[in-house]
Amino acid sequence: VNLVVNGSFEEGPPVNGYLPVDKGSTTIKGWEVTRGQIDYIGAYWQAAEGQHSLDMHGSPGYGGIQQKLKTKKGQRYEVIFSLSGTPSGNPLEKILGVRAGEEKKSFTFDAKGITNENMGWKTQKWQFTATGDETILEFYTLETTDTNCGPALDNVSVFAVR
């Protein structure tokens, strides 16, 4: 059973190209924007799943998103998500941080050669062990160079590891 609500970001405000979403917003169902502004992407570029995805940099901003998951203490979980990067801006290497409770990891995507029509999405996987009955899962940018062009995120899921 996937623990994530709205992991493909399909349930959110109306958007054609992209929509800046500010820190503290819960307008994208199941998620809260953290750290700074992000962009909620519609037809602006190809999504990994469905019609929507996220640019972890707003217009401008260095943002993140988080969701509280129901977990079981001591249980191992696998996080699966699609990673890409804004096709423009510098640097072309985009870095995304992922945190679950006190555990965290960074993931890098090389945006060289990708376009809005072919985002080159890559599936990423990471595991963590829950330390309680609830765990905050957060994705956030680790970039601080270009305030408008960051790592792109889509198709998030979390499953208990058997």
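Remarks
- Simple spin-label estimate for K105 and D22 in nanometres, 7 Å along Cα-Cβ: 3.5
- Per residue Cα convex hull volume in Å³ - calculated over segment 77-162: 89
- Here the accessible area is traced with a 1.4 Å probe on the protein chains. For segment 54-162, carbon and sulfur cover 45 percent of it.
- Å² per residue, accessible surface of segment 11-138 at 1.4 Å: 49
- Spin-label model, N90/N2: points 7 Å from Cα along the beta carbon direction are separated by 3.8 nm.
- Size of charge dipole - segment 9-135 - debye, nearest 20, with Cβ of Lys, Arg +1 and Asp, Glu -1, no other charges: 460
- Coil-residue GluC sites (Glu not before Pro) of segment 55-133, DSSP, other Cβ within 10 Å capped at 16: E102, E117
- Fluctuation leader among L69, L83, L96 - the chain, Gaussian network, Cα springs under 10 angstrom: L69
- Computed over the chain, the alpha-carbon pair-distance distribution with 10 angstrom bins reads 12, 44, 34, 9, 0, each value a whole percent.
- When the C-alpha to C-alpha distance is required to be over 19 Å, the pairs from K29/K68; K72/K122; K104/K125 that qualify are K72/K122.
The values are calculated or read from the model by the stated rules, or taken from the named source; none is laboratory data. None of these values were measured; they are calculated from a predicted model. No Cβ is skipped: glycine too gets one built from the backbone with ideal geometry, and neighbour counts run over all protein chains shown. SASA here: full protein model, heavy atoms, side chains in, ligands and nucleic acids out. Shrake-Rupley method; radii C 1.70, N 1.55, O 1.52, S 1.80 Å.
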